[in-house]
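First the structure, in the form of structure tokens, and then the observations on it.
The values are calculated or read from the model by the stated rules, or taken from the named source; none is laboratory data. These figures come from a predicted structure and were not determined experimentally. With ideal geometry, Cβ positions are generated from the backbone for all residues, glycine too; neighbour counts draw on all protein chains shown. Areas reflect the complete protein model, heavy atoms only, side chains present, ligands, DNA and RNA absent. Shrake-Rupley method; radii C 1.70, N 1.55, O 1.52, S 1.80 Å.
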Amino acid sequence: QVQLVESGGGLVQPGGSLRLSCACSIRIFSIYIMGWYRQAPGKQRELVATITPGGSTNYADSVKGRFTISRDAAKNTLNLQMNSLKPEDTAVYYCNAKSTIVSSWGQGTQVTVSS
């Protein structure tokens, strides 16, 4: 079972930036599709961004041009750089690792965008 631990959340003003990180317990980037999802209060969990083993990325329309997903194989870490944050980006952000057999989730990290 893959263990995922997110960090980097917090309170930021509109227009600000945050960088989320997800530490993975084992080396999985060559096998798993890695992704960031988020869930706002009263809403369903939604996809934010994914990156495939080959390095192809995909973003939700609402974050295109503002968020960047990346991975550091040496540190076994998945990252999400979030710029130009908006109040509607407020949510719990989750790291996900998905293969053909299993989907693993982290515990989530809270991001709050407010003045």
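Taking the Cα centre of the chain as origin, sum charge times position over the Cβ atoms of Lys and Arg (+1) and Asp and Glu (-1), and report the length of that vector in debye to the nearest 20.
I would put it at about 120 debye.
Stick to the Cα atoms of the chain, pair each with every other, and give me the Kirkwood hydrodynamic radius in Å at one decimal.
In the chain this quantity evaluates to 14.0 Å.
Share of the range 20-78's accessible area from carbon and sulfur, percent, 1.4 Å?
Accessible surface attributable to carbon and sulfur in the range 20-78 totals 50 percent.
Provide the per residue accessible area, probe 1.4 Å, for the chain, rounded to a whole number of square angstrom.
52 Å²
Might you list the cysteines of the chain that have no disulfide-compatible partner by the rule of another cysteine's Cβ under 4.7 Å?
By the Cβ distance rule, which asks for a partner under 4.7 Å, the isolated cysteines are 24.
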